[in-house]
Amino acid sequence: MLAFGDGDGDYKALPTCQKIASALPGKPALTVGQNVTDVTAKDFRGRPLAVTDIECKALPIDVDVELFRAGDLNIITSGPYPDKAVHDGRSRADDFYNRQTKQWDELKPGVRYGSITYSDSTCTVMTLKRNATVRVTVPNPPTHSLEEWKAACRQIAEKEVPKVVDAALD
């Protein structure tokens, strides 16, 4: 599976679900939920998406890796950018990351954690590295307060997710 980056140093290849699973605690058997490897794939209006994506899951675990390349299509709105310009992969990844994690807590620049399920049973951590985003959702230990949930999720973001990101973006 080969995707094209925006130049030297950008991520170009999507990982396999087996490689991602090997970095997760318990090494769960992940299955492919979605695999978009053709950067010229079109959206419903016939415009190129300029993004490759693999989603690996074994519920409640869900890992999504997206690699962005240059394009004029905002991946969130499915429309052109307001300035009508072509944006490079790094700025598109940054825009996607910031929109997806807007209300989340920041561990450090490029790493935020929160919940995409509005449930205290999972923790989601999203990492931004160059032209890629990695979203990792894993079970969160049962908690009795928002503060306990945030502390547990923060620990997952600090201890577990970096290994998954390293496996996904080598």
Out of all the residues in the stretch 81-91, is one or more touching a Lys or Arg at 6+ places or on another chain (Cβ under 7 Å) and either of a type in the set (Ser, Thr, Tyr) or in contact (Cβ under 8 Å) with a residue 40 or more places away in the chain (or both)? yes
Starting from residues that are in a strand (DSSP E or B) and without any contact (Cβ under 8 Å) to a residue 24 or more places away in the chain, keep the ones in the stretch 49-79 and report whichever is surrounded by the fewest Cβ atoms within 10 Å (Cβ to Cβ). Gly79
Take Ser145 and decide whether it is of a type in the set (S, T, N, Q), loosely packed, with under 15 Cβ neighbours inside 10 Å and without any contact (Cβ under 8 Å) to a residue 60 or more places away in the chain. yes
Subset of the stretch 86-126 [open to solvent by 60 Å² or more (accessible area, probe 1.4 Å) and among the acidic types (Asp, Glu)]: Asp88, Asp94, Glu106, Asp120
Looking at (1) within 30 Å of His144 (Cβ to Cβ); (2) among the hydroxyl-bearing types (Ser, Thr, Tyr); (3) at pLDDT 95 or above, which is the only condition Ser115 fails? (3)
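The values are calculated or read from the model by the stated rules, or taken from the named source; none is laboratory data. Everything quoted here is computed from the prediction, not taken from an experiment. Here the Cβ is made from the backbone with ideal geometry for all residues, glycine too, and neighbour counts use every protein chain on show. Areas reflect the complete protein model, heavy atoms only, side chains present, ligands, DNA and RNA absent. Shrake-Rupley method; radii C 1.70, N 1.55, O 1.52, S 1.80 Å.
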